Every structure is written in C-alpha cells, then in structure tokens.
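S.K.: Here it is, the structure in full.
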There are 2 protein chains.
Amino acid sequence: MRDFSESHAALALNTATLGHNVEGAGAGWSPERTIDACAERGIGGIVFWRPEIGSRAVEIGERVRRAGLKTVGLCRTPFLVGPLAPAGRQAVMDDFKASIDMAAALQTNVLTIVVGGVEPGTKGVTESLRLVADRVGEMAPYAEKHGVRLALEPLNPVYGGDRSCLTTVRDALDLCDRIDAANVGIAVDVYHVWWDTDLAYQLRRAGGRILGYHLCDWLASTTDVLLDRGMMGDGVADLRGLRRAVESSGYGGFCEVEVFSAGNWWKRDPGEVLDTMIERFRSVC
Amino acid sequence: MRDFSESHAALALNTATLGHNVEGAGAGWSPERTIDACAERGIGGIVFWRPEIGSRAVEIGERVRRAGLKTVGLCRTPFLVGPLAPAGRQAVMDDFKASIDMAAALQTNVLTIVVGGVEPGTKGVTESLRLVADRVGEMAPYAEKHGVRLALEPLNPVYGGDRSCLTTVRDALDLCDRIDAANVGIAVDVYHVWWDTDLAYQLRRAGGRILGYHLCDWLASTTDVLLDRGMMGDGVADLRGLRRAVESSGYGGFCEVEVFSAGNWWKRDPGEVLDTMIERFRSVC
C-alpha cells in the first residue's frame, strides 16, 4: 500500500468538491482559477464536469497540461436508462457520444458512467442492467477509437430507483464481463461502497479494470444522500482498509476527492477546502 | 409459490403502515380499534411497535387472539450498537431484555432486531458487527427460554452509519452462522433488499432461518429514505421475484406490510389504507 504521508502527488480534485457540478453552488471559480489553485498546492490531477467545460474542452485540457497537472477524468455520460435518462434511445446514445468527444478533446482517458435507475415499465434491476450492457457495449468501440476508457460507477443502493440500478462492485464487474471490451472498467467510490463487506473479495476479481478511486467519507448521521458527503476523516468509512483493498487489485492511479457538500464545504473558501483535502489525504486516507 | 389472488389470510399489518410507530403521526387508532379493523377485513396477522403496547402486552396479545388474529411480531429491540444505541452496554442489554419480555407477554414469537450503526470510535462495519454478534449471542438463550425468536433485519445501506451496520441478507446470515443459536434468524424487507442481485443466491442459504418477510415498495424517486416508502405496486421492486426467492428457501409464513409514509398513506383514512393494502397484496405481491 502506498504511503501518502509525505506526498500528495497522487491526489486529484474532482471539481464537485468546490460545488462546480451544481449551478449556483460553490464559489464559482473558473476552470483556470481552479487549475492554478491545484497546481500551486502540488495536487497532481483534476476531474471536471461537462457543464463547466462547455465548448472549451481543447483549451482547458491544454491549460491543465501546461500547469503540470493531468486531467484524470470527466464526469459524465448521460444516464443511460431509467427515469432521468434523455428521452429515447437515440437521445441517450447521441449524448453518450458527445461526452466521449469531450473527454477526447480534454485528452483525459477516463469517462465516468452513472448508469441511471430502473427503466420505466420494468421492475427490479435485471432488465435495466441488460440495457446498460447493450448501450455501453455498442459505444465502447467509438470510445476506444478516441482513446477513452469508460468507468462504470456503482452507486449506493439508495440511488437504485432513479440514478443507478448498478449498486455494487460485484454487479459492475459482472457488467464488464458481459460487455467484454478492453476499455470498459469500473470506478470505486468510498461513498457508495464503504458498507459492502463483499468488497475486498470482489476487488480481487477486478485486475486492471479499476479506472478510478474516489475519496470522501460517509457521515454517520447524514442529512442528505445527495449533497451531504463528508470530508475524509469526518465519517465512518474505513478509508485505509478500502484503499488497501483497491490497491491489492493492482490499482496505482490517482485518488480523486469528490465531496458533494452543499451545507458545509461548498460554503467555505475553496482555498481552505483544497488545503483541508490535502491534509486529510496525507493523514487519514 | 403461493397464490394470494383469492386469499389474504397470509397478510399481516405492521402498524407502522398506519403511522403508529411515530408519535403524533397517522390517525392514532388504539391497538383495539386496529385489531378490529384487521379482523373485519380478514387480515390474518398484526405486528406492533413497543410504544403502542406500553404496559398492556398481556391484554393486547389476548385481544388479538380473541379477534382470531395472530401477533406475528414485535418491533423492536433497541439499537444494539452505534450512535443511536442506549448509552452503555448495560443499558443496551437491559432494554434488549425488556423487549423480549414484551414479546413473550404478547405471545408473539418473533422480535425484530435493527442492530444500529457504526459504533462510535470505530471505522467500517466489521467491529460493530462483531459487537452485535456478541450481544445477540448473549441474549439468545434468555429469548429462547421465553419462546421468542430474534430476527436480524438487514437495512438498506443508506442507514449504514447510524441505524444498521447490517446491510445485506448475506451479512445477516453470516451473523446467524457466527451466533449459532436455533432461535436467531433474519427478516427480509423489500425496502431494504430489492436492489440486491445476490439475494436469490443468499436466500438459498437461509433454510428455515427466515422469520419474517416485509412488504412495501421502493418509489423510483423517493423523497425521504425514512418516511417515504411506497405501497406495493407503486414502485420499482420486483415483488413477485422477491417473494419467489423468499419462498424458495421454504418460507411459508406471513407477509407483513410495513409502509412508512408520512406524506401520503399516513395522511389517509386507515380503513382506506387497509383496503388498498389487501387489494395490492392480492394483485401485485
């Protein structure tokens, strides 16, 4: 297991930690200002959300590289199934393709997929997961051609209805097996998997398929399951144990901090948030 | 798989469906009025919560039997671990014992255990589950002596921090294996397990250890993870598939409807709720 106590070069900022994924939330820093603030502090990578990139993907990707950082990933494809997906299969696939194009233009090689909830008119997750496999399988060659890997992210089961019928690392790896494309893997997020006693076993199956590891913490008495994530160390997740399991699979990539926190961290000065994130990364992750 | 289209004798009311588990919620019917309303409609069983029983357990249990119903269960022990458990081990065990005494006085043979969240000062669920096993194992002989079986209920992982470090049927059966007492089993609740693709496999392990099966539905876009459960048929759970898996293990007991619904069903006339519950039980469960 890597020792981060003296270095945070493997730390990446997901800009959601500064509120940039929600309109009107956070301090509203520009991508450039965020990039500079990360570079000044020696943070090694950055992950953007599509709305903040807009039509400037090439320019922002270049800016990241000039600052000596790496664009570690892009959030995210549209929901592929479920009640919140774009209306109709063609609309889903068109926006899926657009998200791949943006990732390619940024020159990041990981695009996160949050698959969406239970497809209207069906019950349980089986049929929805089958649709996800079909849609990801169909788009994987296009992503491959553009140098983009697709990271299926299982979400906490509380989102099973509307945001993600994919809820466990086990199911995510099963989907990868079914899709069987070299550029399709998974993202592991502490918030979503911290409770899962099957995790270490499943991660031994993962091999090189872990494309991202996301850090935050689960607050014992969380007040909102979307926007009340904890900073590392403030919750009940066994962060060291989780990273040990992830790294046992061979993962040696970035650790991406993604703290959605409307009531706490998004109200603070972004510089303070970044400094805290670095301190916690070195001490408790 | 049993056919319920012509009979609801296997249907039980958990009084939480009428709001009786939350002070000031629901219509506030007395146990007697609730018993009569169930009896009139041919509902076969009833499950109470401790606050509505108070010191009248013997009397209410007798009243249920006179009405031709069965007291199918009692909710519940105190949280045994975690931030919401009574302060200190002795207080936990005293209240655990009191809940067993109440179940025995009611002459119900199932007492539900919601185990509580992550024990303060620890990280992850491992240590907390170990404490749960110790405490249940210690109390199991006392419950056995009083004819009470203890049903460990795994809760949706969203409750992992404060209400239940026990989140899957897999973990619940592992706990049973560890405790190894004939009167300790599990309760399976649609709300908590509907998303779990490992469920059918796990239930084949359960054998006679399923002590309760709880019905409701998971609303696709739920607004509150505590008090916004759906009536059967209004959500995305595969109710037939779930019951098939439960019955494949050999379960032939009551199906207990437990719909926490502050914003919808608790605001309606209890008679309408009971009638709807019967209709849905016969048609979609």
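S.K.: What's the Kirkwood radius of the range B:189-231 in Å, using all Cα pairs? Working shown, then result.
M.R.: On the way: mean 1/r = 0.0848 Å⁻¹.
Its Kirkwood hydrodynamic radius stands at 11.8 Å.
S.K.: Around B:THR17, what is the net charge, scoring Lys/Arg as +1 and Asp/Glu as -1 over all other residues with Cβ under 11 Å from its Cβ?
M.R.: On the way: positive: B:ARG229, B:ARG268; negative: B:GLU256, B:GLU258.
Here the count lands on 0.
S.K.: Give me the accessible area buried between chains A and B, both sides summed, with a 1.4 Å probe, in Å² rounded to the nearest 100.
M.R.: Buried area between the two chains comes out at roughly 2300 Å².
S.K.: Taking the Cα atoms of the range B:21-70, what is the range of coordinates along each of the three principal axes, in descending order and whole Å?
M.R.: 28, 22, 13
S.K.: Continuing with this model, one more query. State the dimensionless ratio Rg/Rh of the protein assembly as shown (Rg: radius of gyration of Cα atoms; Rh: Kirkwood radius).
M.R.: Reported Rg/Rh, Kirkwood definition of Rh: 1.00.
S.K.: Right, another one. Using only helices, what value at 222 nm comes out for the protein assembly as shown when you add -39,500 (n - 2.57) per DSSP H run of length 4 or more and divide by the total residues, to the nearest 500 deg cm²/dmol?
M.R.: Using -39500 (n - 2.57) per qualifying helix, the result is -12000 deg cm²/dmol.
S.K.: Take every Cα-Cα pair in the range B:1-152 and report what % of them are more than 28 Å apart.
M.R.: Of all Cα-Cα distances in the range B:1-152, 27 percent exceed 28 Å.
S.K.: Right, next: Extending each Cα 7 Å along its Cβ direction at A:ARG130 and A:LEU226, get the distance between those two points in nm, one decimal.
M.R.: The two pseudo-label positions are separated by 3.0 nm.
S.K.: Taking N as the number of residues in chain A, what is its alpha-carbon radius of gyration divided by 2.2 N^0.38 Å?
M.R.: 0.93
S.K.: Straight-line reach from A:LYS97: which lysines have a Cα under 29 Å away, not including same-chain ones fewer than 8 places off?
M.R.: Leaving aside lysines fewer than 8 places away in the same chain, those within reach of A:LYS97 are A:LYS70, A:LYS123, A:LYS145.
S.K.: Now a separate question. In the neighborhood of A:ARG130, defined by Cβ-to-Cβ distances under 14 Å, what is the net charge if each Lys or Arg adds +1 and each Asp or Glu adds -1?
M.R.: Spelling it out: positives minus negatives among the neighbours equals -4.
S.K.: Right, another one. Sort largest first and round to whole Å: the equivalent ellipsoid semi-axes of the range B:121-197, each the square root of five times a Cα gyration tensor eigenvalue. Kindly include the intermediate steps, with their values, before the conclusion.
M.R.: Working: eigenvalues 92, 49, 19 Å².
Taking √(5λ) for each eigenvalue gives 21, 16, 10 Å, largest first.
S.K.: Out of the total accessible area of chain B (probe 1.4 Å, heavy atoms of protein only), what percent is carbon and sulfur?
M.R.: Carbon plus sulfur share of accessible area: 48 percent.
S.K.: Seen from all sides and averaged, what is the projected area of the convex hull of the Cα atoms in the range B:141-285, in nm²?
M.R.: 9.3
S.K.: Semi-axes of the equivalent ellipsoid of the range B:38-122: what are they in whole Å, largest first, if each equals the square root of 5 times a C-alpha gyration tensor eigenvalue?
M.R.: Listed largest to smallest, the semi-axes of the range B:38-122 are 30, 13, 8 Å.
S.K.: Here is a further query. Roughly how many Å² is the accessible area per residue of chain A, as a whole number, for a 1.4 Å probe? Numbers along the way, then the final one.
M.R.: Details: 10130 Å² over 285 residues.
Here the per-residue accessible area is 36 Å².
S.K.: Name the residues of the range B:221-261 whose accessible area falls by at least 50 Å² when all protein chains are present instead of the chain alone, probe 1.4 Å?
M.R.: Those residues are B:VAL236.
S.K.: Describe numerically, in nm with one decimal, the distance between label points set 7 Å from Cα along Cα→Cβ at B:ALA27 and at B:ARG205.
M.R.: That separation, rounded to one decimal, is 4.3 nm.
S.K.: A follow-up question, please. Under 10 Å, Cα contacts only: if you run a Gaussian network model on chain B, which one of B:VAL72, B:VAL47, B:VAL22 comes out with the highest mean-square fluctuation?
M.R.: Maximum among the listed residues: B:VAL22.
The values are calculated or read from the model by the stated rules, or taken from the named source; none is laboratory data. Predicted, not measured: the structure shown is a model, and the values here were computed from it. Positions of Cβ are generated from backbone atoms using ideal geometry, with glycine treated the same way; all protein chains shown enter the neighbour counts. Just the protein is used for accessible areas: all its heavy atoms, side chains included, with ligands, DNA and RNA removed. Shrake-Rupley method; radii C 1.70, N 1.55, O 1.52, S 1.80 Å.
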